[in-house]
1. Which FRET efficiency, nearest 0.05, do THR164 and ALA71 yield, Cβ-Cβ r, R0 35 Å?
2. Would you kindly work out the equivalent ellipsoid of segment 106-214 from its C-alpha gyration tensor and give its semi-axes, the square roots of five times the eigenvalues, largest first in whole Å?
3. Stretched out fully, how many nm does the piece from ILE151 to THR115 gain, at 0.36 nm a residue minus the Cα gap?
4. Given a Förster distance of 25 angstrom, what is the FRET efficiency for LEU131 paired with GLN228, based on the Cβ-Cβ distance and rounded to 0.05?
5. Using alpha-carbon pairs under 8 Å, 6+ residues apart, how would you state the relative contact order of segment 186-276 in percent?
6. Going through the cross-link list LYS54/LYS74; LYS166/LYS225; LYS74/LYS166, which pairs have a Cα-Cα distance over 20 Å in this structure?
7. Using the count of nearby Cβ atoms within 10 Å as a rough guide to exposure, how do THR215, THR242, THR115 rank from fewest to most?
Amino acid sequence: MIKPFRLLALAGFACLLPQLASAVDIRGELVQGGLAIGQAKPGDRIELDGQEIKVAPDGLFVFGFGRDAPAEHKLTLIQPDGKSSQQILIVRSRQFDIQHIDHLDQNQVTPDPATQARIVADINQVRDARLAASDNRDFQTPFIWPARGPISGVYGSQRILNRTPKSPHFGVDIAAPEGSPVIAPAGGVVTLSAPGMVLMGNAVVLDHGFGVYSTFIHLNDIAVKPGQRIAQGDLIGHVGKTGRATGPHLHWALNWLGVPLDAALLVPPMAPLAQQ
């Protein structure tokens, strides 16, 4: 879950950069894969590592750190009069699981050109559905689990197949019986409802605002349409094994614009399933 802390300019604190001129409230853990929500003063602008990020008129902003984010990042606050101040943010590193699998059929490692072209087209379609930083503020709501079941895959893990590193696993996998409901972990607007993708199967992208998106893949069916506004807890679809999946499960991914984040950091421990 997102944890609160306060970033302050402290007298006598040793730092190579000037301190922030005023307090900035930030909720969230500064960790690889983490999402943080910030509150500056109205009219302030914010840059992270030199890149300006979306700030609401009332000072609300959000940012995140990827799987391989370095330890130090520079947060810059720019006041309406043009004065700026900076603070170094220290991001905690994590250890991720690496699995080596050798002696596989090479066709399972490298798809044929036609299939690879379809995969790239699917990836681009999902990427385009997560480009905008809308004014939605649904990301401020504490997230809930979109499905219930054992965790069968975690964020950041990576397989090396026949000595070829594959892309890290950018999501959390929830194993559940086929047909189990998948609900919205937070409210938002559907930006993609796509059946039949090669690897992802039936997929949905949900915009929570300010560049924060959830993606749900391997769905058995899809219950929402692009442009549809849905509330936390609304039905998105049902757990399936469409696309490239070894069994029924939900893959839930979280992104801040182009940065893959760890969705599991936003939710409390999953409550035990009720006894049947």
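1. That pair, THR164 with ALA71, gives E of 0.75.
2. Semi-axes from the Cα gyration tensor: 27, 18, 14 Å.
3. Roughly 10.0 nm would be gained on extension.
4. Result of the calculation: an efficiency of 0.85.
5. Averaging sequence separation for qualifying contacts and normalising by length gives 27 percent for segment 186-276.
6. Checking Cα-Cα distances, LYS166/LYS225; LYS74/LYS166 exceed 20 Å.
7. THR115, THR242, THR215
Computed from the coordinates by the stated procedures, all read-outs in this text should not be read as laboratory data. This is a predicted model, so every value here is computed, not measured. Reconstructed Cβ throughout: ideal geometry from the backbone, glycine too, with neighbour counts over all protein chains shown.
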